[in-house]
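Report on one structure; see the data block that follows.
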Amino acid sequence: MNDLISPTPWNEFFDLWFYYITLFGLILHLVSFILGCVVMAVITAKKPVARLESWMVRWIGFTIILWIVSGGFNALWGCLIWGNLYWDSDVDSPEGDFSPFFPTILSDHGKFLVGTPFLLQMVWLLFAAMSWGVSFMLYRFMQTILRGISGKKIQVEGGR
(Lines give C-alpha, C1' and ligand atoms only; values in the text may rest on other atoms or scores of the structure.)
Protein backbone atom coordinates (compact mmCIF):
# COMPACT_ATOMS: atom_id res chain seq x y z
CA MET A 1 0.00 0.00 0.00
CA ASN A 2 1.22 3.52 -0.76
CA ASP A 3 2.46 5.51 2.26
CA LEU A 4 0.04 8.32 1.42
CA ILE A 5 -2.92 5.97 1.65
CA SER A 6 -1.84 3.90 4.63
CA PRO A 7 -4.22 4.01 7.61
CA THR A 8 -3.32 5.98 10.70
CA PRO A 9 -1.54 3.78 13.24
CA TRP A 10 -3.15 3.31 16.65
CA ASN A 11 -0.17 4.83 18.43
CA GLU A 12 -1.33 8.21 17.02
CA PHE A 13 -4.81 7.89 18.62
CA PHE A 14 -4.17 10.38 21.43
CA ASP A 15 -2.39 12.76 19.04
CA LEU A 16 -5.55 12.87 16.89
CA TRP A 17 -7.70 13.38 19.98
CA PHE A 18 -5.47 16.20 21.23
CA TYR A 19 -5.41 17.85 17.79
CA TYR A 20 -9.21 17.85 17.60
CA ILE A 21 -9.61 19.27 21.09
CA THR A 22 -7.02 22.02 20.64
CA LEU A 23 -7.62 23.17 17.06
CA PHE A 24 -10.41 22.01 14.77
CA GLY A 25 -12.88 20.92 17.44
CA LEU A 26 -12.29 23.95 19.64
CA ILE A 27 -13.31 26.35 16.88
CA LEU A 28 -16.25 24.21 15.77
CA HIS A 29 -17.63 23.71 19.27
CA LEU A 30 -17.17 27.38 20.20
CA VAL A 31 -19.27 28.37 17.20
CA SER A 32 -21.97 25.85 18.16
CA PHE A 33 -21.83 27.07 21.77
CA ILE A 34 -22.33 30.71 20.72
CA LEU A 35 -25.21 29.76 18.41
CA GLY A 36 -26.81 27.81 21.26
CA CYS A 37 -26.44 30.81 23.59
CA VAL A 38 -28.15 33.07 21.06
CA VAL A 39 -31.03 30.60 20.66
CA MET A 40 -31.43 30.32 24.44
CA ALA A 41 -31.40 34.10 24.86
CA VAL A 42 -34.14 34.47 22.25
CA ILE A 43 -36.25 31.68 23.75
CA THR A 44 -35.98 33.02 27.31
CA ALA A 45 -36.30 36.72 26.41
CA LYS A 46 -39.57 37.13 28.33
CA LYS A 47 -38.79 34.65 31.09
CA PRO A 48 -36.88 35.15 34.35
CA VAL A 49 -33.10 35.50 34.12
CA ALA A 50 -32.70 32.54 36.48
CA ARG A 51 -34.04 30.22 33.77
CA LEU A 52 -31.46 31.49 31.27
CA GLU A 53 -28.70 31.02 33.83
CA SER A 54 -29.85 27.46 34.52
CA TRP A 55 -30.01 26.63 30.82
CA MET A 56 -26.63 28.27 30.23
CA VAL A 57 -24.92 26.18 32.93
CA ARG A 58 -26.40 23.01 31.44
CA TRP A 59 -25.44 24.07 27.91
CA ILE A 60 -21.86 24.76 28.98
CA GLY A 61 -21.61 21.33 30.63
CA PHE A 62 -23.05 19.48 27.66
CA THR A 63 -20.94 21.38 25.13
CA ILE A 64 -17.73 20.59 27.01
CA ILE A 65 -18.63 16.90 27.24
CA LEU A 66 -19.59 16.77 23.53
CA TRP A 67 -16.32 18.49 22.62
CA ILE A 68 -14.18 15.95 24.51
CA VAL A 69 -16.19 12.91 23.35
CA SER A 70 -16.13 14.13 19.74
CA GLY A 71 -12.36 14.33 19.98
CA GLY A 72 -12.30 10.66 20.91
CA PHE A 73 -14.57 9.74 18.03
CA ASN A 74 -12.41 11.83 15.69
CA ALA A 75 -9.41 9.78 16.80
CA LEU A 76 -11.37 6.55 16.24
CA TRP A 77 -12.38 7.83 12.79
CA GLY A 78 -8.75 8.55 11.97
CA CYS A 79 -7.57 5.10 13.01
CA LEU A 80 -10.49 3.02 11.69
CA ILE A 81 -11.99 4.83 8.68
CA TRP A 82 -9.54 7.28 7.11
CA GLY A 83 -7.06 5.33 5.00
CA ASN A 84 -9.18 2.18 5.16
CA LEU A 85 -12.51 3.26 3.65
CA TYR A 86 -11.46 6.45 1.85
CA TRP A 87 -8.54 8.77 1.30
CA ASP A 88 -8.55 12.45 0.39
CA SER A 89 -5.51 14.40 -0.79
CA ASP A 90 -7.01 17.66 0.49
CA VAL A 91 -6.90 16.16 3.96
CA ASP A 92 -3.32 14.88 4.28
CA SER A 93 -4.10 13.31 7.61
CA PRO A 94 -7.33 12.47 9.43
CA GLU A 95 -6.83 15.19 12.04
CA GLY A 96 -10.17 16.92 12.32
CA ASP A 97 -11.79 14.94 9.53
CA PHE A 98 -14.73 13.80 11.70
CA SER A 99 -17.30 16.18 13.15
CA PRO A 100 -20.57 15.32 14.90
CA PHE A 101 -22.20 18.34 13.20
CA PHE A 102 -21.74 17.69 9.49
CA PRO A 103 -20.73 14.66 7.41
CA THR A 104 -17.37 14.01 5.82
CA ILE A 105 -17.40 14.93 2.15
CA LEU A 106 -14.66 13.98 -0.28
CA SER A 107 -13.09 16.64 -2.46
CA ASP A 108 -12.44 16.15 -6.18
CA HIS A 109 -9.10 14.65 -5.22
CA GLY A 110 -10.63 12.07 -2.89
CA LYS A 111 -10.74 8.36 -3.49
CA PHE A 112 -12.88 5.56 -2.10
CA LEU A 113 -10.80 2.56 -1.19
CA VAL A 114 -13.84 0.47 -0.26
CA GLY A 115 -17.51 1.18 -0.78
CA THR A 116 -19.46 4.16 -2.04
CA PRO A 117 -20.33 7.70 -0.90
CA PHE A 118 -23.51 6.28 0.66
CA LEU A 119 -21.47 3.86 2.77
CA LEU A 120 -19.19 6.68 3.94
CA GLN A 121 -22.20 8.77 4.96
CA MET A 122 -23.78 5.84 6.83
CA VAL A 123 -20.52 5.21 8.70
CA TRP A 124 -20.37 8.95 9.51
CA LEU A 125 -23.98 8.81 10.75
CA LEU A 126 -23.10 5.90 13.02
CA PHE A 127 -20.09 7.77 14.44
CA ALA A 128 -22.11 10.99 14.88
CA ALA A 129 -24.98 9.15 16.62
CA MET A 130 -22.51 7.42 18.94
CA SER A 131 -20.76 10.73 19.67
CA TRP A 132 -24.03 12.48 20.57
CA GLY A 133 -25.35 9.44 22.46
CA VAL A 134 -22.23 8.95 24.58
CA SER A 135 -22.12 12.69 25.28
CA PHE A 136 -25.74 12.73 26.39
CA MET A 137 -25.26 9.66 28.64
CA LEU A 138 -22.14 11.18 30.23
CA TYR A 139 -23.97 14.47 30.72
CA ARG A 140 -26.87 12.71 32.47
CA PHE A 141 -24.40 10.70 34.57
CA MET A 142 -22.58 13.87 35.61
CA GLN A 143 -25.89 15.53 36.51
CA THR A 144 -26.76 12.56 38.73
CA ILE A 145 -23.38 12.72 40.47
CA LEU A 146 -23.60 16.48 41.00
CA ARG A 147 -27.12 16.21 42.40
CA GLY A 148 -25.93 13.50 44.77
CA ILE A 149 -23.02 15.65 45.94
CA SER A 150 -25.20 18.71 46.43
CA GLY A 151 -27.70 16.70 48.48
CA LYS A 152 -30.70 17.31 46.24
CA LYS A 153 -33.14 14.46 46.06
CA ILE A 154 -33.19 12.84 42.62
CA GLN A 155 -36.73 12.23 41.42
CA VAL A 156 -37.37 9.25 39.21
CA GLU A 157 -40.39 9.56 36.96
CA GLY A 158 -42.95 6.82 37.50
CA GLY A 159 -41.34 5.89 40.82
CA ARG A 160 -42.68 6.37 44.33
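Can you confirm whether residue 137 is in contact with a helix residue (DSSP H, G or I) (Cβ under 9 Å, 6 or more places away or on another chain), modelled with pLDDT of 80 or more and either surrounded by fewer than 17 Cβ atoms within 10 Å (Cβ to Cβ) or aliphatic (A, V, I, L, M) (or both)? No.
Residues in the range 33-50 that are surrounded by 16 or more Cβ atoms within 10 Å (Cβ to Cβ) and under 18 Å from residue 61 (Cα atoms): 4 in all. Scanning the range 76-115 for residues that are under 13 Å from residue 7 (Cβ atoms) and either surrounded by fewer than 21 Cβ atoms within 10 Å (Cβ to Cβ) or modelled with pLDDT of 70 or more (or both) yields a count of 16.
The values are calculated or read from the model by the stated rules, or taken from the named source; none is laboratory data. Treat the numbers as computed from the prediction; the structure is a model and nothing was measured. Every residue, glycine among them, receives a Cβ derived from its backbone with ideal geometry; neighbour counts consider all protein chains shown.
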